[in-house]
1. Using the Kirkwood formula over every pair of different C-alpha atoms, what hydrodynamic radius in Å results for segment 23-115?
2. Compute, for GLU84, the solvent-accessible surface of its heavy atoms (probe 1.4 Å) with the complete set of protein chains present, and express it in square angstrom to the nearest 10.
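The values are calculated or read from the model by the stated rules, or taken from the named source; none is laboratory data. Everything quoted here is computed from the prediction, not taken from an experiment. Areas reflect the complete protein model, heavy atoms only, side chains present, ligands, DNA and RNA absent. Shrake-Rupley method; radii C 1.70, N 1.55, O 1.52, S 1.80 Å.
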Amino acid sequence: MGSGALPRILLLMSFIHAGLTQERPKPVLKVTPDQRVFRGETVSLTCDIQRAGNTQWTYSWFKDGYNFYPYQTAAGEYNFTAYESYTGEYSCRGEISDSQRSDISAAVTLTVSGE
């Protein structure tokens, strides 16, 4: 092995290590107006991705661990009219491409009551 090979191998290993240990951003899901609403109220889910910068994310929405319609949006906010069947745990995730995704947010419980 030549004298220049070892520094190149060490440099390559540091790039591989950095790629494997890079943390994914952690989104925070916010529910407005509150986590307890009445049927017919408009609810806004906002997926805030920490350290996102100017990155153009596509957002995925989950209810009780399954994709929630609309399955993906270009905006980090989704509004809907609440019905009792919408009671559940919601979370979100952002992605730039199939290989670049944020973590899934912690679940937030939404409770919808009748009038």
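1. For segment 23-115, the Kirkwood estimate is 13.3 Å.
2. Roll a 1.4 Å probe over it and GLU84 shows about 70 Å².
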